[in-house]
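Please read the structure below before turning to the comments.
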Amino acid sequence: HILETLESISDNKTAVKKFGIDFAVNVCEEIIRSGLCPGFHFYTLNNESSTITVLKKLGLWKRSIPKALPWRVIPSSKRYKERVRPIFWSNRIRSYLYRTSDWLIYPENKWNDYAPQVYKEVDDYFYKYLDNYDSEEELKNLWGNELNSLNDVYDVFGHYFSGKENKNGFKVTKTAWTQNKFDNSDKLTTFSEQEFLTINFQLNLNGVDSSDEKVGWGPKGGLIYRKAYLEFFTSRQNAMILKDLLLKYKQVNYNIINSDETENYTNCDEDKAIAIDWAAFPGEPIMQPTVADPISFKVWKNEAFSLWNEWAKLYEEESKSKRLLEYISNDYFLVYLIDNNFPNECCFWKLLEEVHLISKYSEQLSI
């Protein structure tokens, strides 16, 4: 039967492929009904699309795998009870694992019950290689063979968030700080052009089912909550305008800091971590797996600024490209914002638009 059917459609590749898929689905359905086999093993032979189609027809294809926590759990005997991490390293997990590898105990519930613990130092050589294995040529394709102005730097972030090809004809699939894609990429693209260079972002959630395919985590039957969080580099002018505007945004916790900590503006209590993610599960205590810890932020700040200098190493000494990146590292500010009013729409876009308008108005007055 199989050979006869294949001979009759041998000159039609699409029909042959469809027959193979339908036949595989029928065989798998018979095996499932028999109850004799707990699962399947497929050899894709470099044609995974057919296997995916079979799994979808069987109802076995899952676009997302249930997560125990909102961040990646490490199968380690030392860390198996770990339940809390700072949000700052959420896009540089290897770096966080290395920095905390000497800890004797890892936070299991509330961060403040275990902090502060000492983070391992990372020298300049390891900053790049902890989370980056690309060659210099590959990175220049993404981030520019040369940078002639600050706008060229802003364009790297803009192309990363927009997904559009850069002038080298490449899609910017990563920055020095992250390879993860964020929600609201259109807004992040726009604000990149306005000197807000985002390196971390998450939207707020209010009682989302823990089984949600996109943002769910933990056991079934739980409710997920999350505060909006935004972290970015910005110019001195923007930072000072932002600092003043935040006085009327009482629901926002913030930290605005420069690379050498000679300027550090915050309304956070240094001794208290702020819960960013939390969840309620039946019969369980409230879980708070992600926090913003002011002490950890200063450690992260050093790493975040150092990555500008790592980027600068792609270019020749005394080149304009290198000087531009070193200027940003020395003169820009690192900022994080937490909108505590999680049941309502995030206020960040309104706030940053105000900063931009005031900045532009100030520039016009100075002309």
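Bear in mind that the values in this text are calculations on the coordinates, not laboratory data. On a predicted model such as this, the values are computed, not experimentally measured, just so you know. Ideal geometry is used to build each Cβ from the backbone, glycine not excepted, and the neighbour counts take in all protein chains shown.
Fewest to most neighbouring Cβ within 10 Å: what's the order for LYS214, LYS67, LYS81?
Values: LYS214 8, LYS67 14, LYS81 11.
Ascending Cβ contact count within 10 Å gives the list LYS214, LYS81, LYS67.
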Exercise. When Lys and Arg each count +1 and Asp and Glu each count -1, what net charge do the other residues less than 11 Å away from LEU245, Cβ to Cβ, add up to?
Worked result: 0
For this session: Take the Cα atoms of region 269-367, find their three principal axes, and give me the spread along each one in whole Å, biggest first.
Result: 61, 36, 23
For this session: Considering only ASN253, ASN168, ASN26, give the residue with the highest GNM mean-square fluctuation for the chain, with springs between Cα atoms whenever their separation is below 10 Å.
Result: ASN26
Seminar exercise, completed: By the Kirkwood definition, with r running over pairs of different Cα atoms, region 186-264 has a hydrodynamic radius in Å of 15.0 Å
Problem set entry | Area projected by the alpha carbon convex hull of region 2-58, averaged over all directions, nm² | 4.4 nm²
Problem set entry | Average projection area in nm² (convex hull over Cα atoms of region 1-105, one quarter of hull surface) | 10.9 nm²
Seminar exercise, completed: Inter-part gap, Cα centre of region 1-68 to Cα centre of region 166-209, in whole angstrom, is 37 Å
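Give me ILE358, ILE87, ILE52 ranked fewest to most by other Cβ atoms within 10 Å of their Cβ, as a rough exposure proxy.
Values: ILE358 16, ILE87 27, ILE52 13.
Listed from fewest to most nearby Cβ atoms, that is ILE52, ILE358, ILE87.
Net charge within 15 Å of THR190 by Cβ-Cβ distance, Lys/Arg positive one each and Asp/Glu negative one each, not counting THR190 itself? Show your work: numbers first, answer last.
Details: positive: LYS164, LYS187, LYS350, LYS360; negative: ASP155, ASP183, ASP186, GLU193, GLU195, GLU353, GLU354.
Net charge in that neighbourhood comes out at -3.
Assuming R0 = 22 Å, can you tell me the calculated FRET efficiency for the pair LEU150 and ASN180, based on Cβ-Cβ distance, to the nearest 0.05? Can you show the working numbers first?
Details: r = 24 Å, r/R0 = 1.11.
Efficiency computed from Cβ-Cβ geometry: 0.35.
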Exercise. In region 171-241, which GluC sites (Glu not before Pro) are in a loop and have at most 15 other Cβ atoms within 10 Å, using DSSP for the loop call?
Worked result: GLU193, GLU213
Exercise. Please state the relative contact order of the chain as a whole percent: Cα pairs under 8 Å, 6+ residues apart?
Worked result: 17 percent
Problem set entry | Cα radius of gyration and Dmax for region 16-171 (Å) | 23.4, 67
Exercise. Based on DSSP H runs of at least 4 residues, each adding -39500 (n - 2.57), what is the mean residue ellipticity at 222 nm of the chain after dividing by all its residues, to the nearest 500 deg cm²/dmol?
Worked result: -12000 deg cm²/dmol
For this session: State the label only: which of (1) 29; (2) 23; (3) 48 corresponds to percent of Cα pairs over 39 Å apart computed from the shown model?
Result: (1)
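Only counting other Cβ atoms within 10 Å, I'd like THR173, THR290 sorted with the fewest neighbours first. Show your work: numbers first, answer last.
Values: THR173 12, THR290 25.
Neighbour counts put them in this order, fewest first: THR173, THR290.
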